[in-house]
Each structure stands twice: as C-alpha cells, then as structure tokens.
Amino acid sequence: MTLGEALALARGRIARLDARLLLECATGCTHADLLARPETPVFGPAGAQYLEWVARREAGEPLAYLTGEAEFRGRVFQVSPDVLIPRPETEVLIDLAVDRLKAMKTARVVDLGTGSGIVALSLALECPQADVFAVDLSPEAISVARNNAGRLGARVEFRTGSWYAPLAGERFDLIVSNPPYVAAGDPHLALDGLPHEPQMALTDGGDGLDCIRAIVAGAAAHLQPGGWLLFEHGYDQGEASRNLLAAAGFKEAFTTPDLAGTDRVSGGKI
Ligand code: GLN
C-alpha cells in the first residue's frame, strides 16, 4: 500500500482531513510528503495501525483518542479516554481569566475539574506570576494533566479530590472551572463521539447545574475578598448561573458568549 492508496481507501468512510491526520500520525510523514510523494510505500506496522484507526474512526471514536493528542490554544495536549477532549469554546474561560490575572502582580488560582489540564496549564504558561493549582476527582485525569504539565513546562500543583475537598483552609484570588454541565438524558450525550468521552466530565447525572451549584456554593469560603469565580456552562444556563452567583453573594455577575454567540461562561466577584 502507498500513501496515496491509503488515503483513497478511507474515502467515503471518514472525513478526508481525519484520514490525512491519522496517516501522518501512523507513518510519521508530513502533509507535504503526502502531496509530493503519494507513491511512497507504507510499511507493514504503520499501515496496520492506520487501517485499524480508520475502522475505529468510522465507528465513531474521536480522532483525538486515536492519535492521543489534541490542540488547544496553539499547544498540543496529550489526551486519553480518561479526560474530555479540549473544546475551542473553553478559550473564552481562559481569556476572561487571563484578563483578570494580568492585572495582578501575584495570584493564587485554582482550576476545579482540570481533566487534561488545558485551563490550569494555559493560565500557568500565560501568566507566569500566578501560582496555579489544579483539582480533579479522577486520579487518571490528574496523571494525564501532570504529564501535560511536564511536557509543556507548566508550573502547576495538582490535588486529587472532589471540588474544594483537597483545598481545606486555602484561599485563592481566582477560581476557574469547566465542570460537567450537560443534563442527564440530554440527546447531545449520544452524538458526535460523546459516548466515548468520560461521562463524569460531561454530565452531573442531574439537571446539569448540580456541579455548578456546588462550585458556586463553596467559592466564597475559598476566595480572597475581591476574588473572582469564572466557570463554563451550557448554552441555556447563563441566567441560572447568574442567579446562583447573586444568591451566594457575588457582585458583578455576568455571562459572556463564546465565538459562536452562545452563552458560555459566567462569573462574579466576591
Ligand atoms: N461543551 C461540552 C459539550 O457540550 C460539554 C463540556 C462540559 O460538560 N464541561 O460537548
């Protein structure tokens, strides 16, 4: 099998771009190689790996779990089925956090439910004056995030546990989170590769606001006066989020849309 034949064989089964990326990953060749030398033979093990990936992609497995990596904010993160695949809409959360951190000379920040670590690591790399902490209930996720921190050279302290449990008595200037916020039974959970992602990272098993309620309720006890809480949520959870923030004593509660114009991040100041 040649590179050109390998691509042709995936045609009509999976997206062209996915086939190209899987072939590049399996063989180590570049996009330029594929274009300039399609007659290059693909060696046995690389070819077998590629064919297996094409079949799994065709059956719905997300590309990132096959190649083991995903790009977010210009950086490559390793991912496994123990963590959610980075979503571009999470950039809004980082932008809002970076805006606030840039105004602080020093800051303690915690990311609750860090998963692969994209939020905590992006903040640590973009705001080097901040001391960044990251919490996750899943020890497997913590190990993925720790590995990413090592590879990207990000200084982050990791804690395993549920939300604020491993942060007893500690206060921060900023709390950020991309919690599970999809309601149980939402048809979205059955689409687009989501069944392959960790359900504990996607849904709270309830109305979608359970984790947000827990995060908002515990925040004041872990924020310095004037500290901010910022969290990602679903397209229809902006108003409920602002109400929860106001009820917990937060001021300046706001909601910001993502690039698609969908309500995506809410926050407030204590
Ligand atoms: N935005 C994700 C989705 O709808 C959900 C992420 C999350 O629950 N934190 O696929």
* Given the structure, is Arg213 closer than 18 Å to Ile270 by Cα, of a type in the set (D, E, K, R) and within 16 Å of the ligand (Cβ to nearest atom)? -> yes
* Has the range 123-141 got any residue that is modelled with pLDDT of 95 or more, assigned to a helix (DSSP H, G or I), within 15 Å of the ligand (Cβ to nearest atom) and not polar (S, T, N, Q)? -> yes
* Any residue in the range 227-235 that is within 16 Å of the ligand (Cβ to nearest atom) and free of Cβ contacts under 8 Å to residues at least 40 places away in the same chain? -> yes
* Which condition number does Ala145 fail, the rest of (1) among the small types (Gly, Ala, Ser); (2) crowded, with 20+ Cβ neighbours inside 10 Å; (3) within 29 Å of Gly249 (Cβ to Cβ); (4) within 16 Å of the ligand (Cβ to nearest atom) being met? -> (3)
* To do: Go through the range 180-207 and count every residue that is within 8 Å of the ligand (Cβ to nearest atom), touching a strand residue (DSSP E or B) at 6+ places or on another chain (Cβ under 9 Å) and over 20 Å from Asp111 (Cβ atoms).
  => 2
* Asked: With respect to the numbered conditions (1) among the aromatic types (Phe, Trp, Tyr); (2) within 16 Å of the ligand (Cβ to nearest atom); (3) more than 17 Å from the chain's Cα centre (by Cα), which one is the sole condition not fulfilled by Phe172?
  -> (2)
* Asked: What are the residue pairs meeting all of these: first residue in the range 244-264, first residue touching a residue at least 24 places away in the same chain (Cβ under 8 Å), second residue assigned to a loop (DSSP other than H, G, I, E, B) and of a type outside the set (D, E, K, R), Cβ atoms under 6 Å, and 6 or more apart or on different chains?
  -> Phe250/Ile270; Thr262/Tyr235; Asp263/Tyr235
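The values are calculated or read from the model by the stated rules, or taken from the named source; none is laboratory data. None of these values were measured; they are calculated from a predicted model. Every residue, glycine as well, gets a Cβ built from its backbone with ideal geometry; the counts of neighbours run over all protein chains shown.
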